[in-house]
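What follows is a short report on a single structure.
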Amino acid sequence: MKKMRLSYSLLSAWMKGNPSEAVECYFRLEKSKSNPAMEDGKRIHKEIADYINKHKKLPDYLPNFTLKTPIAEKELIISYNEMFYIKVIIDCLDLPLIYEWKTGGQDSINWARTYQLPLYFLVCEMSGIKVDSGFLAHYNQKTKEKDFVVVHNSPTKIEEAKNLIDSIGPEIYEYFLKEGLI
């Protein structure tokens, strides 16, 4: 059985009922539905990573977190089971914390309701990396407002991520197999 690589972006696209976006994520194709707000978000995201790498702190427009040993854009890939690898790219890993940057109009509370941090907690745990919490830091570049929310790592969050993968992962796998994509 050939293993497939899952990511939060791919899982999220599938949950939204968008198999074509899931395929784009899997094969790292240019998104067919890009827009100026998405491009602005990518630009800001890169700007933050570059700033962290250079200064070991956050730009002033983000919440005032003190970083100790930050690693921007930390990529982790784990073997989850016989069907899947899981790949995550953590915006900033500063053990024992994870930071994720969000831009635009949707505040951090809305992002806290997603499976992103639970999936990151699972991958860190399976990689032997102890993470206590994740901070979702939001910056609205139009209004210049910022906010953040803390999501604590717990067995419940890890179980949420496993349930997500175990419930929709096989469906994604079957679709990709049927379409001759894997």
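Only the coordinates and a few stated rules stand behind these numbers; no lab work does. If you're wondering where the values come from, they're calculated on a predicted model, not measured in any experiment. Glycine gets a Cβ as well: all are built from the backbone with ideal geometry, and neighbour counts include every protein chain shown.
Annotation: amide H-H contacts under 5 Å for Y80 (H modelled 1.01 Å from N, sequence separation of 5 or more, or interchain): Y85, I86. The string of couplings for the stretch 37-44 from the Karplus curve (6.51, -1.76, 1.60, θ = phi - 60°) is 5, 5, 5, 5, x, 4, 4, 5 Hz, one whole number per residue in order, with x for Gly and Pro. Per-residue ellipticity at 222 nm from helix content only, as computed over the chain with -39500 (n - 2.57) for each DSSP H run of at least four residues, stands at -13000 deg cm²/dmol. Residue by residue, the stretch 160-172 carries 3J(HN,Hα) couplings of 4, 5, 4, 4, 4, 5, 5, 8, 9, x, x, 5, 5 Hz when phi is fed to the Karplus relation 6.51 cos²θ - 1.76 cosθ + 1.60 (θ = phi - 60°); x denotes Gly or Pro. Radius of gyration (Cα atoms) of the stretch 134-174, expressed as a multiple of 2.2 N^0.38 Å: 1.76. Given +1 at the Cβ of Lys and Arg, -1 at the Cβ of Asp and Glu and no other charges, the dipole of the stretch 75-182 around its Cα centre is 320 debye to the nearest 20. Using a cut-off of 32 Å between Cα atoms, the listed pairs K42/K157; K56/K144; K46/K157; K2/K57; K3/K74; K102/K157 include K2/K57 as exceeding that distance.
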